[in-house]
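Encoded as structure tokens, here's the structure I'll be asking about.
Quick note: the coordinates plus some simple rules give every number you see, no bench work behind them. Nothing here was measured: the structure is a model prediction, and the numbers come from that model. Don't worry about glycine lacking a Cβ; one is built from the backbone with ideal geometry, like all the others, and counts go over all protein chains shown.
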Amino acid sequence: MRELGLDFGTLPTGKYNAVTDMPGVTAIATASGGSVPEGNVGAGVGMITMAYKSGVGTCSRNIKNSLGTWTLGVLMVCNFGEREDLIIKGIPFSRMFPVNEAPTHRNSNITIIATDAPLTCPQLKRLAKRPPLGLSRVGNICRWGCGNIEMAFSNYPWIHPQAKPLIIDNAEFLDPFIMAVSDASEEACLNSLFQAETMVGVDNQVREKIPVEQIITYLKNSNRLR
């Protein structure tokens, strides 16, 4: 995981962070539809964002156009930033929840974008460059030494004999997908924070969860939540 920029640091308490082929086999064998576990699961166990415990976050959007209705989903392992960077719905919450601790390690995010829309490889590459736009809304300034790893794919049945040969390259068709990636990336990051729980790691070091109830109450009082 460290080769991908995900330094587990003091979390979790296990002596080894080795991953074998068995977790992958198990994940494929037990895959199912429905909601996706978020927070302290999988690679998200050791993640820290804005000095709070974070983890895995997901989000999806439906996109309607003349060709049909398409789904775009984002899965993110969130791991970046300092407390002073935190912004939610345009509000700098770092001023409300200050912290006196050493800066976190320079780390990276991993983002996977999935869609069933008929997008080509060049178009998917363009989508894969958009998650940082959404992350900037929560305060990610890509500090020196940090980075982002993104991948985008489509399961549109290009080789299916009944598949329509759709290759569309215009702003009217593509812009909604770009907007969806940005919006879903922001929400996936927030979900990774809001779904994570406080964790105790090496030498009893504690990484607190974000104060969800306080933040939601403030956002409601500020008319930032619908």
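Could you give each residue of the range 186-203 its phi-based ³J(HN,Hα) in whole Hz, using Karplus coefficients 6.51, -1.76, 1.60 with θ = phi - 60°, and x for Gly or Pro?
4, 5, 4, 4, 5, 5, 5, 7, 6, 8, 7, 10, 4, 10, 9, x, 4, 6
Additional query: Between beta-carbons, use under 14 Å as the cut-off and find the net charge around Ala188, counting Lys and Arg +1, Asp and Glu -1.
Spelling it out: positives minus negatives among the neighbours equals -2.
A 28 angstrom limit on the alpha carbon distance is what I want to check against. Which of Lys64/Lys129; Lys64/Lys220; Lys89/Lys209; Lys64/Lys89; Lys53/Lys125 exceed it?
Result: Lys64/Lys220; Lys53/Lys125 exceed 28 Å.
For Ile210, what residues show an amide H to amide H distance below 5 Å, using hydrogens built from the backbone and excluding near sequence neighbours?
Those qualifying (amide H under 5 Å, at least 5 residues apart or on another chain) are Lys53.
How far apart, in nm, are the 7 Å Cα→Cβ label points at Leu174 and Ile141?
3.1
While we're on this one: List, in order, the whole-Hz ³J(HN,Hα) value for each residue of the range 76-88 obtained from phi through the Karplus relation with A = 6.51, B = -1.76, C = 1.60 and θ = phi - 60°; use x for Gly and Pro.
So the J values, rounded to whole Hz, are 9, 9, 9, 7, 6, x, 10, 4, 5, 8, 4, 9, 10.
Then there is this: Once you have a ≥ b ≥ c as the square roots of the Cα gyration tensor eigenvalues for the range 175-226, tell me rounded if a/c is under 1.5, and otherwise prolate or oblate according to whether a/b is larger than b/c.
Judged from the Cα gyration tensor, the range 175-226 comes out oblate (a/c at least 1.5, b/c at or above a/b).
Count the net charge of all other residues whose Cβ sits under 11 Å from the Cβ of Ala152, scoring Lys and Arg as +1 and Asp and Glu as -1.
Net of charged neighbours comes to +3.
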